[in-house]
1. Looking at Lys201, Lys131, which is the one that is open to solvent by 10 Å² or more (accessible area, probe 1.4 Å), part of a loop (DSSP other than H, G, I, E, B) and touching a Lys or Arg at 6+ places or on another chain (Cβ under 6 Å)?
2. Taking the condition at pLDDT below 95 and either of a type in the set (Asp, Glu) or within 13 Å of Leu54 (Cβ to Cβ) (or both), does Gln86 pass?
3. Pairs needed: first member in the stretch 44-68, assigned to a loop (DSSP other than H, G, I, E, B); second member anywhere, among the hydrophobic types (A, V, I, L, M, F, W, C) and open to solvent by 50 Å² or more (accessible area, probe 1.4 Å); C-beta distance under 6 Å; at least 6 residues apart or different chains.
4. Looking only at residues in the stretch 101-113 that are surrounded by 14 or more Cβ atoms within 10 Å (Cβ to Cβ) and among the charged types (D, E, K, R), which one is farthest from Ser59 (Cα to Cα)?
5. I'd like the residue in the stretch 150-196 that is part of a loop (DSSP other than H, G, I, E, B) and hydroxyl-bearing (Ser, Thr, Tyr) and, out of all such residues, is least open to solvent (accessible area, probe 1.4 Å).
6. If Ser116 passes every condition in (1) farther than 21 Å from Ile63 by Cβ; (2) in a loop (DSSP other than H, G, I, E, B); (3) more than 13 Å from the chain's Cα centre (by Cα) but one, which one does it miss?
7. If you go through the stretch 149-208, how many residues are farther than 24 Å from Thr47 by Cα, in contact with a helix residue (DSSP H, G or I) (Cβ under 9 Å, 6 or more places away or on another chain) and of a type in the set (S, T, N, Q)?
Amino acid sequence: MNKSIIKIICLSISILVLSSCVPRKELIYFQTEKGNIENTNNNFILTFKKNDELRIDVSSSDIEAVKPFNLAIVAYSAATGGVGGQPMQQTYIIDNNGEINFPLLGKIKLEGVTWSKAIDIITKKLKPYVKDVGVNINIMNFRVNVLGDVRNPGSFLIPSGRINVLDALALAGDLNISGIRTIEIKRQTNSGIISGSLDLKSNNIFKSNFFYLEQNDLIYVRPNIPKSQSASYNKNAGVLISTVSIVISLIAVLTR
């Protein structure tokens, strides 16, 4: 075989291998805007949406007075006819009208209402029934979804109802080395789905309205071009390239 042909083949293989490498500058987070980060967006306000499942705990020094508002759900065993398992606190789903149906109080509009405002609304409605009343609300189905080029994609339940994009990526095991550092976020609103993007290489993400996530937000991490192209390659392409390289090396030695 002509030595010049061998060199061309070897060069082509080298280019193929090097093209799959990711430049270091495309991997490092928070490269820009060194120093203190000003105007950080810390104004996250939890606002309730349709289909939120709420657990509403009512407390008071008068235990008997709050019993009608802290209903328990029990499961009955078909075999024994008795109660099976541990009783659970009643939850309330915000319906298509944006309301919940609360014991004695009836319909309460909570869609679009902030967490603190909802507590105020329910507390005022309860005062005729309970004197020193206290109210706490938790979202039981607050989830965020992380898909794409991360180590552990999935849907994650967030008990606290407060999470930022970095926490969500940490739950997913961080981006793979082939994941593009500019990520996409999809968010459902009353007017439709809106999209945003965050460049993880920049500190500007801390100023974005998408830094803190809302219920059912979707984070998508796109794979880089080499990773995308590799999806169309034969799964044995790596072995084939290695084999060809060895054969070419042997030919080169034998033709000296």
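The values are calculated or read from the model by the stated rules, or taken from the named source; none is laboratory data. All figures in this text were calculated on a predicted structure; none of them were measured in a lab. Glycine gets a Cβ as well: all are built from the backbone with ideal geometry, and neighbour counts include every protein chain shown. Accessible surface is based on the protein model in full, side chains and every heavy atom, while ligands, DNA and RNA are left aside. Shrake-Rupley method; radii C 1.70, N 1.55, O 1.52, S 1.80 Å.
1. Working: Lys131 fails: touching a Lys or Arg at 6+ places or on another chain (Cβ under 6 Å).
Of Lys201, Lys131, the one residue that is open to solvent by 10 Å² or more (accessible area, probe 1.4 Å), part of a loop (DSSP other than H, G, I, E, B) and touching a Lys or Arg at 6+ places or on another chain (Cβ under 6 Å) is Lys201.
2. Values: at pLDDT below 95: yes; either of a type in the set (Asp, Glu) or within 13 Å of Leu54 (Cβ to Cβ) (or both): no.
Considered against the rule, which asks whether it is at pLDDT below 95 and either of a type in the set (Asp, Glu) or within 13 Å of Leu54 (Cβ to Cβ) (or both), Gln86 comes out as no.
3. If the second residue must be among the hydrophobic types (A, V, I, L, M, F, W, C) and open to solvent by 50 Å² or more (accessible area, probe 1.4 Å), the pairs left are Leu46/Trp115.
4. Top of the filtered list is Glu111.
5. Step one: list which residues in the stretch 150-196 are part of a loop (DSSP other than H, G, I, E, B), which gives 151-153, 158-163, 172-174, 176-178, 180-181, 190-191.
Remaining after also requiring hydroxyl-bearing (Ser, Thr, Tyr): 160, 178, 191.
Details: Ser160: 88, Ser178: 19, Ser191: 113 Å².
Only one residue tops the list, namely Ser178.
6. (2)
7. Matching residues across the stretch 149-208 total 3.
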